[in-house]
Amino acid sequence: MTVHYADFLESKTPKIEASGIEPGPIHPMLFDWQSQIVRWALRKGRAAIFADCGLGKSFMQIEWICQMSNGSRGLIVAPLSVAQQTIAEAARLGVEIKYKLAPDESDGIWITNYQRLHKFIGIEFKAIVLDESSILKSIDGKTRDLILKEFTNIPYRLCCTATPSPNDLTELGNHAEFLGASTRREMLANYFVHDSGFAAQGGYRLKGHAQEIFWQWVAQWAIYVRKPSDLGYSDGDFILPPLNISEEILASNFIPDGKLFPDLPRGIQGRTKARKHTLKSRVERAAEIIKTSKEQWLVWHDLNDEGRDLGKLLKSKAVLIEGSTDDEQRQIYERSWRQGSVRALISKPGMFGFGLNWQHCHNLIYLGLSDSFEKWYQSVRRCWRFGQQSPVNVIVITSDAEISVVENVRRKEQQAANLAEGIVRAMKDTQISEVKGERKMKQRIESRDVDTPEWRMLHGDCVERIAAIESDSVGLSIFSPPFAKLYCYSDSDADMGNCKDYDEFFKHFDYLIPELLRVTMPGRLCAVHCQDLASLKGVDGYIGKKPFSDDISELFRKHGWIFASRVTIDKNPQAQAIRTKAKTLMFMQKNKDSSWSWPALADYVMVFQKPGENPEPVKTDITNEEWIKLAHPVWYDIVESDTLNIRSVRDEKDEAHLCPLQLGTIRNAIRLWSNRGDVILSPFAGIGSEGVVALEQERRFVGIELKKSYFNQAVNNLHAAIKQESLFESATG
């Protein structure tokens with residue numbers, strides 16, 4: 001069945017279909033905006049709530065799983081320290097949640113911790129919540145793989161965590177995969193490119209044109225909220241109190257091995273040695289601060305001896321929670337501190353710094369810092385969160401040897417704040433529409449024409465704009481289409497390069513080819529410049545080649561074109577090796593295993609003929625000597641750099657450099673296969689390369705271009721070409 005073109009374009013926009021239920025009444029304890037989020041998540045069925053600390057994720061997830069399980073069995077998975085807190089929050093809503101060490105025969109809503117999740121494999125659940133789901137990126141790969149393999153068959157799934165790190169692709173990819181929005185590989189292929197400068201993001205960064213559409217896609221399966229106004233509501237009481245951060249920098253006087261004088265060390269090992277050197281003085285300073293205060297304190301440390309030594313100094317005034325502290329004792333210690341029986345709680349951010357609500361405390365001490373911004377963010381947010389009534393005071397006790405660590409965390413904090421602000425801007429309209437159930441209308445591309453006696457430029461989608469060209473009017477079409485999804489210059493669905501995969505490109509290209517047949521004169525030609533494409537292990541699952549030229553030929557023949565010929569354009573393998581870093585071209589690979597040594601990728605001009613008698617035989621000015629060269633199956637004299645200047649139209653969001661077709665290739669084709677005065681067509685006109693050569697060779701030109709900046713430059717180039725021809729005629733007249 002033929003799909004209407006408008007419907008096909010609509011299908012290109014990634015959509016996460018709702019698979020949930022119609023919401024029932026929401027508990028009145030929830031704020032309006034919380035209720036709205038819950039309703040959205042219930043309708044979605046599989047969703048993520050990325051809400052900042054203190055915004056009531058517990059209430060929202062409890063309400064969600066109550067309605068989703070509806071008397072059947074539901075499971076909440078949470079860090080151990082958060083489980084009892086969740087049970088208490090549920091009681092406030094009149095909901096019973098049972099903590100389970102292992103499954104049994106009972107129904108209702110269960111809660112367990114991540115370390116016990118393997119015991120619940122194969123148990124039937126109607127709904128599951130991953131609480132503090134950002135833990136997926138930091139727990140061992142075995143548990144993460146277990147969640148993605150064994151628990152994605154549960155019909156309804158919800159992830160809840162604070163707003164995730166904007167540049168942690170593993171975290172986002174794991175969420176998308178668990179919720180069925182896409183696999184991590186698909187997410188990377190659609191929205192990201194390899195970039196060695198982004199090592200912190202696994203060597204990937206967002207494509208330039210995907211800065212907004214990626215987060216709009218995320219907004220279809222996740223809500224990203226730092227405060228109620230991100231969803232269009234009043235912030236009301238959800239305004240954070242001041243956060244006061246001070247640093248006490250102690251002199252380390254650290255003398256590294258082999259040196260005579262104190263020196264600030266470099267590298268992790270050097271910093272660790274220096275940190276141990278100042279351990280006693282830092283611990284004593286922390287003890288002094290706590291002993292002289294009547295308020296409660298939360299102390300975070302990284303080295304075991306830091307926590308133990310401070311615990312000894314504070315004695316009964318503090319509790320220390322370590323890795324060896326058993327589960328029951330952890331809960332007793334935490335409760336005694338929270339209820340005011342002891343003045344200080346001492347622990348590690350990675351051990352006890354996720355999920356808990358400690359608004360009763362507003363004083364924190366860090367016995368130094370690690371480079372992890374995530375640990376810093378989460379551990380500060382245990383106290384500095386919505387609902388906190390007092391200014392939060394954070395004291396970082398460190399040494400001059402660790403100043404770079406403090407500066408690094410501060411830099412990451414500012415970077416994360418800037419990125420989060422950008423994400424909210426990108427997602428805001430889409431997620432407000434999502435939460436309110438509104439349908440956003442797509443903006444149509446504004447199109448305009450420039451029409452002169454010698455040439456026409458049509459702005460817009462080539463599949464739609466080619467309708468303005470008369471049937472049987474084109475003498476020759478020559479163009480270079482987007483190479484599947486290799487080159488993508490815009491976020492428009494009408495951009496054929498903006499496709500999720502190789503097959504979608506051909507579905508899109510399929511709408512243009514019959515129109516090319518319609519506008520071409522009988523017996524005349526269409527010349528398509530292309531190249532076979534490399535397949536990538538990370539994207540396609542294998543290393544090899546995709547026969548792009550053959551697939552183009554198959555599609556043209558499907559629509560009635562006759563395959564006339566294939567011209568190979570020679571390419572420099574060394575230049576290609578330097579540019580692409582393809583292992584198949586490397587000397588190292590040849591010497592290691594030459595079964596992986598393959599020739600460079602050539603360019604091709606695929607030539608197709610429209611059936612019928614040519615009403616105007618082509619009378620070429622190609623000489624016999626020139627024809628001897630052009631009749632060869634390989635054209636060797638095409639200069640790769642012989643193109644129009646592209647610098648003026650380089651868009652900062654362009655992910656691929658504009659690749660205009662070499663003027664020598666265009667010139668050969670136009671001279672050989674068209675008459676003076678013929679109409680030359682390029683449906684992918686770019687900056688007008690085919691038009692400039694057509695005018696140079698005394699032909700007329702019609703071009704179509706989607707991207708506005710390229711269209712404008714094409715118009716400028718064509719005007720300049722006419723002016724240049726006029727000047728030449730005046731000079732020779």
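Among the strands (runs of 3 or more DSSP E) confined wholly to region 199-271, which include 2 or more residues that are loosely packed, with under 14 Cβ neighbours inside 10 Å and either at pLDDT 80 or above or not small (Gly, Ala, Ser) (or both)?
Where strands (runs of 3 or more DSSP E) fall fully within region 199-271 and carry at least 2 residues being loosely packed, with under 14 Cβ neighbours inside 10 Å and either at pLDDT 80 or above or not small (Gly, Ala, Ser) (or both), they are 243-250.
For region 601-621, does any single residue satisfy the condition of being under 33 Å from the mean Cα position of the chain (by Cα), modelled with pLDDT of 90 or more and of a type in the set (D, E, K, R)?
Yes: region 601-621 contains one or more residues that are under 33 Å from the mean Cα position of the chain (by Cα), modelled with pLDDT of 90 or more and of a type in the set (D, E, K, R).
Show the residue pairs meeting these rules: Cβ distance below 6 Å; 6+ apart or different chains; first residue within region 366-387 and among the aliphatic types (A, V, I, L, M); second residue at pLDDT below 90.
Listed pairs, sorted by first residue: 369/405; 369/406; 369/409.
Could you list, in sequence order, all residues of region 626-648 that are modelled with pLDDT of 90 or more, assigned to a loop (DSSP other than H, G, I, E, B) and surrounded by 14 or more Cβ atoms within 10 Å (Cβ to Cβ)?
Selection gives 638 alone.
Collect the residues in region 328-350 that are charged (D, E, K, R) and surrounded by 13 or more Cβ atoms within 10 Å (Cβ to Cβ), keeping them in residue-number order.
Within region 328-350, 330, 334, 338, 343, 348 meet the criteria.
Hey, can you tell me all the residues within region 456-475 that are under 24 Å from residue 492 (Cβ atoms) and assigned to a strand (DSSP E or B)?
Within region 456-475, 456, 457, 458, 459 meet the criteria.
What residue, of 667, 671, 676, is at pLDDT 95 or above, assigned to a loop (DSSP other than H, G, I, E, B) and either under 21 Å from residue 525 (Cβ atoms) or in contact with a strand residue (DSSP E or B) (Cβ under 8 Å, 6 or more places away or on another chain) (or both)? Outline the logic, then answer.
Values: 667 fails: assigned to a loop (DSSP other than H, G, I, E, B); 671 fails: assigned to a loop (DSSP other than H, G, I, E, B).
Of 667, 671, 676, the one residue that is at pLDDT 95 or above, assigned to a loop (DSSP other than H, G, I, E, B) and either under 21 Å from residue 525 (Cβ atoms) or in contact with a strand residue (DSSP E or B) (Cβ under 8 Å, 6 or more places away or on another chain) (or both) is 676.
Give the residues of region 671-691 that are surrounded by fewer than 24 Cβ atoms within 10 Å (Cβ to Cβ) and among the aliphatic types (A, V, I, L, M), sorted by residue number.
Listed by number, the residues that qualify are 672, 679.
Does any residue in region 304-316 that is in the same structural domain as residue 341 (by TED's automatic domain parsing) and more than 15 Å from residue 368 (Cβ to Cβ) come within less than 9 Å, Cβ to Cβ, of a residue that is small (Gly, Ala, Ser) and part of a helix (DSSP H, G or I) six or more places away or on a different chain, and which pairs are these?
Close Cβ pairs (under 9 Å, with a partner that is small (Gly, Ala, Ser) and part of a helix (DSSP H, G or I)) amount to 313/286; 313/287; 314/286; 314/287.
Filter region 464-482 down to the residues that are touching a Cys at 6+ places or on another chain (Cβ under 8 Å) and of a type outside the set (A, V, I, L, M), then identify the one that is nearest to residue 527 (Cα to Cα).
By that ranking, first place goes to 477.
Working only within region 381-412, note down all residues that are within 25 Å of residue 279 (Cβ to Cβ) and either modelled with pLDDT of 90 or more or part of a loop (DSSP other than H, G, I, E, B) (or both).
382, 383, 393, 394, 395, 396, 397
If residue 307 satisfies all but one of (1) closer than 27 Å to residue 56 by Cα; (2) modelled with pLDDT of 90 or more, what's the number of the condition it fails?
Condition not satisfied by residue 307: (1).
Pairs only if they're at least six apart or on different chains, beta carbon under 9 angstrom, first in region 622-634 and in contact (Cβ under 8 Å) with a residue 12 or more places away in the chain, second part of a strand (DSSP E or B); list them, first residue then second.
The qualifying pairs are 630/567; 633/565; 633/566; 633/567; 633/568; 634/567; 634/568; 634/569.
Which members of region 669-691 meet the condition of being charged (D, E, K, R) and within 37 Å of the chain's Cα centre (by Cα)?
So the first thing to find is which residues in region 669-691 are charged (D, E, K, R), and the list is 671, 676, 678, 690.
Result: 690, single match.
Do you know which residues across region 600-617 are in contact with a Ser or Thr (Cβ under 8 Å, 6 or more places away or on another chain) and charged (D, E, K, R)?
Correct list: 603, 610.
Which residues, counting only those in region 110-145, are modelled with pLDDT under 90 and among the hydrophobic types (A, V, I, L, M, F, W, C)?
Once the filter is applied, which keeps residues that are modelled with pLDDT under 90 and among the hydrophobic types (A, V, I, L, M, F, W, C), region 110-145 yields 135, 136, 139.
Can you tell me which residues in region 576-603 are under 26 Å from residue 479 (Cα atoms) and either touching a helix residue (DSSP H, G or I) at 6+ places or on another chain (Cβ under 8 Å) or surrounded by 14 or more Cβ atoms within 10 Å (Cβ to Cβ) (or both)?
Those that are under 26 Å from residue 479 (Cα atoms) and either touching a helix residue (DSSP H, G or I) at 6+ places or on another chain (Cβ under 8 Å) or surrounded by 14 or more Cβ atoms within 10 Å (Cβ to Cβ) (or both): 576, 577, 599, 600, 601, 602, 603.
Can you pull out every residue in region 699-733 that is part of a loop (DSSP other than H, G, I, E, B) and at pLDDT 95 or above?
699
Would a scan of region 550-573 turn up a residue that is surrounded by fewer than 14 Cβ atoms within 10 Å (Cβ to Cβ) and within 21 Å of residue 188 (Cα to Cα)?
No, that holds for no residue.
Taking region 89-100 as the search range and keeping residues that are free of Cβ contacts under 8 Å to residues at least 40 places away in the same chain and touching a helix residue (DSSP H, G or I) at 6+ places or on another chain (Cβ under 9 Å), which one is farthest from residue 120 (Cα to Cα)?
Filtering region 89-100 for residues that are free of Cβ contacts under 8 Å to residues at least 40 places away in the same chain and touching a helix residue (DSSP H, G or I) at 6+ places or on another chain (Cβ under 9 Å), the one farthest from residue 120 (Cα to Cα) comes out as 89.
On the basis of being farther than 30 Å from residue 105 by Cβ, at pLDDT 70 or above and of a type in the set (Val, Ile, Thr), does residue 161 make the cut? Before you say what the answer is, go through the steps one by one.
Numbers: farther than 30 Å from residue 105 by Cβ: yes; at pLDDT 70 or above: yes; of a type in the set (Val, Ile, Thr): yes.
For residue 161, the condition - farther than 30 Å from residue 105 by Cβ, at pLDDT 70 or above and of a type in the set (Val, Ile, Thr) - is met.
Listed here are the residues, each with its yes/no results for (1) under 27 Å from the mean Cα position of the chain (by Cα); (2) closer than 26 Å to residue 238 by Cα; (3) not acidic (Asp, Glu).
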{"residue": "36", "(1), (2), (3)": "yes, yes, yes"}
{"residue": "73", "(1), (2), (3)": "no, no, yes"}
{"residue": "82", "(1), (2), (3)": "no, yes, yes"}
{"residue": "94", "(1), (2), (3)": "no, yes, yes"}
{"residue": "98", "(1), (2), (3)": "no, no, yes"}
{"residue": "103", "(1), (2), (3)": "no, no, yes"}
{"residue": "106", "(1), (2), (3)": "no, no, yes"}
{"residue": "112", "(1), (2), (3)": "no, no, yes"}
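Please note which helices (runs of 4 or more DSSP H) are completely contained in region 277-380 and include at least 1 residues that are closer than 23 Å to residue 399 by Cβ and of a type outside the set (D, E, K, R).
Passing ranges, in order: 279-291, 304-314, 349-352, 373-380.
Would you mind listing the helices (runs of 4 or more DSSP H) fully within region 479-548 where at least 2 residues are modelled with pLDDT under 95, surrounded by fewer than 21 Cβ atoms within 10 Å (Cβ to Cβ) and not hydrophobic (A, V, I, L, M, F, W, C)?
On the way: elements: 502-509, 513-519, 537-540.
The helices (runs of 4 or more DSSP H) meeting that bar are 502-509, 537-540.
The values are calculated or read from the model by the stated rules, or taken from the named source; none is laboratory data. Note that the coordinates shown come from a computational prediction; the quantities given were computed from them, not determined experimentally. A quick note on method: Cβ atoms are made from the backbone with ideal geometry, for glycine too, and the neighbour counts reach across all protein chains shown.
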